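The values are calculated or read from the model by the stated rules, or taken from the named source; none is laboratory data. These numbers come from a predicted model, not from an experiment. Methodologically, a virtual Cβ is constructed for each residue, glycine included, from the backbone with ideal geometry; neighbour enumeration extends over all protein chains shown.
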Amino acid sequence: MTMGSVSEFRRVFAVGPGEEGRKLSPREILRFGLVVQRSEVIPLGMGVMAASVVVSTHSWSEVFSVRMLVTFIMLTAYVLVTNAVNCLADRWLDLEFKSRLSRAVHELGVRRVRGLIVARFAVIAVSLVWLVALTGRPDLLVLVGIGVVLAFQYSLPPLHLKGAGIWQVPTVLLMVTLLPGIILLRTYERPFEWSALLAITGLAMTVNSVFIVNAAEDVPEDAEHSIETAPRALGLVGSFALGLAQLVVGAIIFVVAAFPLTGFSWTYIPYLAVVGFAVHYFLRLLTGVRGKELPEAMAVVRGAKSWAFMAMLLAWVSVVPAGAVFAAR
């Protein structure tokens, strides 16, 4: 790590002028804490977890087990840590377009946000130790360790993977959905099932396809701070074309993984209908930004505020064909 990286790392976690926070009621602390941890994406995360669980478990006793509950708590804490670190690191970047995030950091104060991160890490550590002791699988330490590194290095130096150009896309794919899915599979008391991993990979690709829209919302601010995100590296048209391709390929992978167990099933009808809706969403974005100057194109991107809803819809509708896989086992 270079001296510049160390300095930037310290700056992110240091209490700057006006960042001491103010005296807040418990209700205000809860409200701003939820903002910092991006509570609006929690239903999305629950949908991804639900689909991953249903497509990979073999019995109801596995679904409603203490092991599954602890795994769910650990992975939820991991996602919340990732969101809080990103919010803390981007508090200057978010001043204009995502001012509610920056305001939440300033209202809480950097010390409280640091406390939230430490508390979530404690939950991860306790859950991880229990799972390793229960399963006898020390590789869980490595997998969760990789996740923790990504949680920090996505937003912070020296890697700052958010600003790694096109590599931002596979980083988000691995960090947000694929790695938690692999961790889930390693908690079961049976050999690793590659067919379940294939299904989770397809799920991860479809859900993460729309995250490129969220990243594209910040293009002007990222340019101002010299952060080379995927939308800046690819351009808006290239980014949305990549998102569309990721969506379609992911849906194909998911169906290919599930079909040997389910055969032709009505459960694919709602799933493919939502995928078709998402395809239409991307085509509208592509049509809206093609040939336009950046200010005009950004108005189109920022007007498409339904990316989180779209991702949540893709995640939860995946539970339907995943349920057919579960029933066929």
ask   = Of all residues in the range 286-299, which are surrounded by 14 or more Cβ atoms within 10 Å (Cβ to Cβ) and either among the charged types (D, E, K, R) or within 20 Å of V317 (Cβ to Cβ) (or both)?
value = K292
note = Exception for L108 within (1) of a type outside the set (V, I, T); (2) at pLDDT 85 or above; (3) surrounded by 18 or more Cβ atoms within 10 Å (Cβ to Cβ) falls at (2)
query = Does the range 129-139 include one or more residues that are within 29 Å of S65 (Cβ to Cβ), hydrophobic (A, V, I, L, M, F, W, C) and either in contact with a Lys or Arg (Cβ under 7 Å, 6 or more places away or on another chain) or crowded, with 20+ Cβ neighbours inside 10 Å (or both)?
reply = yes
key: Residue check, S195 in contact (Cβ under 8 Å) with a residue 60 or more places away in the chain, within 21 Å of G250 (Cβ to Cβ) and surrounded by fewer than 23 Cβ atoms within 10 Å (Cβ to Cβ)   = yes
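Okay, residues lined up against (1) modelled with pLDDT of 85 or more; (2) over 12 Å from the mean Cα position of the chain (by Cα):
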{"residue": "L178", "(1), (2)": "yes, no"}
{"residue": "T187", "(1), (2)": "yes, yes"}
{"residue": "V210", "(1), (2)": "yes, no"}
{"residue": "S226", "(1), (2)": "no, yes"}
task = Looking only at the range 72-85, decide whether some residue is surrounded by fewer than 21 Cβ atoms within 10 Å (Cβ to Cβ), among the β-branched types (V, I, T), in a helix (DSSP H, G or I) and over 20 Å from the mean Cα position of the chain (by Cα).
result = no
ask   = Within the range 82-139, restricting attention to residues that are of a type in the set (S, T, Y) and touching a Ser or Thr at 6+ places or on another chain (Cβ under 9 Å), which residue is farthest from S25 (Cα to Cα)?
value = T135
task = With the condition kept exactly as written, say whether any residue in the range 75-84 is more than 29 Å from L198 (Cβ to Cβ) and either touching a residue at least 24 places away in the same chain (Cβ under 8 Å) or touching a helix residue (DSSP H, G or I) at 6+ places or on another chain (Cβ under 8 Å) (or both).
result = yes
task = Go through (1) within 22 Å of the chain's Cα centre (by Cα); (2) part of a helix (DSSP H, G or I) one by one and return the number of the condition H106 breaks.
result = (1)
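Yes/no per residue for (1) touching a residue at least 12 places away in the same chain (Cβ under 8 Å); (2) under 27 Å from H160 (Cα atoms); (3) of a type in the set (S, T, N, Q):
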{"residue": "I200", "(1), (2), (3)": "yes, yes, no"}
{"residue": "T206", "(1), (2), (3)": "yes, yes, yes"}
{"residue": "E217", "(1), (2), (3)": "yes, yes, no"}
{"residue": "V248", "(1), (2), (3)": "yes, no, no"}
{"residue": "A257", "(1), (2), (3)": "yes, no, no"}
{"residue": "T267", "(1), (2), (3)": "yes, no, yes"}
task = Give the range 125-169 a look and list any residue that's among the polar types (S, T, N, Q), assigned to a helix (DSSP H, G or I) and either touching a residue at least 40 places away in the same chain (Cβ under 8 Å) or under 18 Å from F72 (Cβ atoms) (or both), or say none.
result = S127, T135, Q168
Residue ID - farthest from G323 (Cα to Cα), chosen from residues in the range 266-302 that are at pLDDT below 90 and not in a helix (DSSP H, G or I) = E293
query = Looking only at residues in the range 303-319 that are part of a helix (DSSP H, G or I), modelled with pLDDT under 85 and in contact with a helix residue (DSSP H, G or I) (Cβ under 7 Å, 6 or more places away or on another chain), which one is surrounded by the fewest Cβ atoms within 10 Å (Cβ to Cβ)?
reply = A308
ask   = Looking at (1) modelled with pLDDT under 80; (2) more than 25 Å from the chain's Cα centre (by Cα), which is the only condition L93 fails?
value = (2)
query = Picking from R67, R100, which residue would you name as being at pLDDT below 90 and either part of a loop (DSSP other than H, G, I, E, B) or surrounded by fewer than 21 Cβ atoms within 10 Å (Cβ to Cβ) (or both)?
reply = R100
Unmet requirement for A233, which otherwise passes all of (1) touching an Asp or Glu at 6+ places or on another chain (Cβ under 9 Å); (2) farther than 21 Å from A51 by Cα = (1)
